[in-house]
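Asks: This is the structure I want to talk about, given as structure tokens.
The values are calculated or read from the model by the stated rules, or taken from the named source; none is laboratory data. Note that the structure is a prediction, hence the values are computed from the model and not measured. A quick note on method: Cβ atoms are made from the backbone with ideal geometry, for glycine too, and the neighbour counts reach across all protein chains shown. To get the accessible areas, we keep the full protein, side chains included, count just its heavy atoms, and leave off ligands, DNA and RNA. Shrake-Rupley method; radii C 1.70, N 1.55, O 1.52, S 1.80 Å.
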Amino acid sequence: MTEQAYQDEPGVRSPNRREAARGDRFHVMVVDDERTQLEFVGGFLRKAGFEVVLMENAAQALERFREGPFDLVLTDQRMPEMSGLDLLKSCRAVDPEVAVVIMTAYGSIETAVSAMQEGATDYLTKPLNLEELLLRIERIKRSHQLVRENTELRAALQERHRIEGIIGESGQMQEVLDLVRRVAPSDATVLLRGESGTGKELIAKAIHYASDRRNGPLVKVNCAALPETLLESELFGHEKGAFTGAFAMRKGRFEVADKGTLFLDEIGDLPAHLQAKLLRVLQEKEFERVGSNRAITSDVRIITATHRDLEQLMRDGSFREDLYYRLNVVTIILPPVRDRRQDLPALIDHFLRKFAEKNGKNIQGFSREARDALLRYDYPGNVRELENLVERAIVLTRDDVVGLGELPLTIKETRVTTDGQTNLSAVVEGIERRMIVDALSAAGGVQTKAADSLGISERALRYKLRKYGIRDDK
């Protein structure tokens, strides 16, 4: 047996089989009993930037494959003892996700059919066309990357579904989830509406992964994040030479999302001429790349989202009425956090655990005053703001309980009651807290002096320090 491996850098742990596709490395095993051909192909792939292992014997290649990690096995068909088809079946039994490409000098239809029936990803005839080989491998690499991204999205989605209100206890979120379950199996366009930070992208993911398109791609475009000139190319692609800098043909997101879902965020910011082009896609299921007049079809389910008032935009003439009704087949309105306070305790506890673990801290919880402030705050930034606030508190605290001192002044000094009216006692407490902080600063941190200047006992001062979560390390 001859094994030639281009190893990882010293000291870097080799990833397991499921981690093989992570990062920039793409691991390829080449198996061929012809040593000259083996080294020729291996050298070419190495120069192309792949991690390569070369094997002359199929049976021993299988043993090496079991050690992993490999994303692709490129194997000759006719070899002594074990054929390429036998190696294909054995490798797929070990790892059903691995890609296997068969090389054969006997390019008959029967050979190709047998290879594909046994699960081969592709096949190539000898002598190999190296450019074609590289093209096939790059295609497999892109496919691996897409599968990995969708797997990671599913895992993240399942975690966020469990905690962040996707499966919420509040009546408002239960209504949202009921709509998600009912609309997901269809191909109807869905319009998600709600304030920024309410989780519109998360709901779009939930619809996709609950649909029959779950195994297809989920592609996102933020219509407000790109200038108009780039957005058209991003959505519909372009031909080589279509404009300055278009050095090669590029597929747009509509093509990439074929057989899957395209999520258009901030649809209210879509420019007028692109609204017309989007309307055509919705009506006729076809479009042209920039610089081409050739119609391209794509089977895509459209989900859009906005925090803007589309009805007002229509009255102003900046959003097409016919497009609005095409997008607005089913509307799901996501409630702001202030309207679903029943979900706040679970959200707070989740973010506490998440960021305590992330920062390597043993945090037991929030003090009564800090938790009370978090539960009463209005959250104009919704769940996103809550997440950021808890992360900030975890980062700043040096105790095992997060006190009021780790929360911003907007939360400590302006709390609200459940009926939305300003709480007078909260305002008074905010003034009292500022006076204590100023007194401590003026006294150089000496609590006795600060208490005297405030006209209270040192014991009373210590109580208020604990109550307001004020730290003093002088």
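Asks: Mind checking which residues of the range 37-82 are charged (D, E, K, R), assigned to a loop (DSSP other than H, G, I, E, B) and under 16 Å from L133 (Cα atoms)? Steps first, answer last, please.
Replies: Going through the range 37-82, the residues charged (D, E, K, R) turn out to be 39, 46-47, 51, 56, 63-64, 66-67, 71, 76, 78, 81.
Within this subset, residues satisfying the condition of being assigned to a loop (DSSP other than H, G, I, E, B) are 56, 71, 78, 81.
Listed by number, the list holds a single entry, D71.
Asks: Now for a separate question. Scan the range 69-76 and give yes if some residue there is open to solvent by less than 10 Å² (accessible area, probe 1.4 Å), of a type in the set (V, I, T) and over 31 Å from the mean Cα position of the chain (by Cα), otherwise no.
Replies: yes
Asks: While we're looking at this one, here's another question. How many residues does the range 151-186 contain that are modelled with pLDDT of 60 or more, part of a helix (DSSP H, G or I) and not basic (K, R)?
Replies: Applying the first criterion (modelled with pLDDT of 60 or more) to the range 151-186 yields 166, 168-186.
With part of a helix (DSSP H, G or I) added as a condition, the list becomes 171-183.
Subsequent filtering for residues that are not basic (K, R) retains 171-180, 183.
The number of residues fulfilling the criteria is 11.
Asks: Identify, by number, the condition in (1) within 22 Å of L270 (Cβ to Cβ); (2) surrounded by 19 or more Cβ atoms within 10 Å (Cβ to Cβ); (3) touching a Gly at 6+ places or on another chain (Cβ under 7 Å) that A242 doesn't meet.
Replies: Unmet condition: (2).
Asks: Just need a number here: residues in the range 324-336 that are aliphatic (A, V, I, L, M) and either buried (at least 18 other Cβ atoms within 10 Å of the Cβ) or assigned to a helix (DSSP H, G or I) (or both).
Replies: First pass over the range 324-336, keeping only residues aliphatic (A, V, I, L, M): 327, 329-330, 332-334.
Now drop any that are not either buried (at least 18 other Cβ atoms within 10 Å of the Cβ) or assigned to a helix (DSSP H, G or I) (or both), which leaves 327, 332, 334.
Residues in the range 324-336 being aliphatic (A, V, I, L, M) and either buried (at least 18 other Cβ atoms within 10 Å of the Cβ) or assigned to a helix (DSSP H, G or I) (or both): 3 in total.
Asks: Pairs only if they're at least six apart or on different chains, beta carbon under 6 angstrom, first in the range 300-315 and more than 12 Å from E201 (Cβ to Cβ) and open to solvent by less than 10 Å² (accessible area, probe 1.4 Å), second in a strand (DSSP E or B) and among the hydroxyl-bearing types (S, T, Y); list them, first residue then second.
Replies: The qualifying pairs are R301/T261.
Asks: For I207, work out the one condition from (1) under 27 Å from D187 (Cα atoms); (2) more than 18 Å from the chain's Cα centre (by Cα); (3) β-branched (V, I, T) it doesn't fulfil.
Replies: In the conditions (1) under 27 Å from D187 (Cα atoms); (2) more than 18 Å from the chain's Cα centre (by Cα); (3) β-branched (V, I, T), I207 misses (2) alone.
Asks: Right, S233: of a type in the set (S, T, N, Q), in contact with a strand residue (DSSP E or B) (Cβ under 9 Å, 6 or more places away or on another chain) and over 20 Å from T198 (Cβ atoms) or not? Give the derivation first.
Replies: On the way: of a type in the set (S, T, N, Q): yes; in contact with a strand residue (DSSP E or B) (Cβ under 9 Å, 6 or more places away or on another chain): yes; over 20 Å from T198 (Cβ atoms): yes.
In short, yes.
Asks: Something else about it: For a quick check of your reading: which helices (runs of 4 or more DSSP H) sit entirely within the range 337-456 and have at least 2 residues that are modelled with pLDDT of 90 or more and surrounded by fewer than 14 Cβ atoms within 10 Å (Cβ to Cβ)?
Replies: So the answer is 344-358, 382-396.
Asks: Among what's in the range 244-300 and is touching a strand residue (DSSP E or B) at 6+ places or on another chain (Cβ under 9 Å) and among the polar types (S, T, N, Q), pick the residue that is farthest from R142 (Cα to Cα).
Replies: S292
Asks: Follow-up question, since we're still on this one. Going residue by residue through the range 47-68, is there one that turns out to be closer than 19 Å to Y123 by Cα, open to solvent by 80 Å² or more (accessible area, probe 1.4 Å) and modelled with pLDDT of 75 or more?
Replies: no
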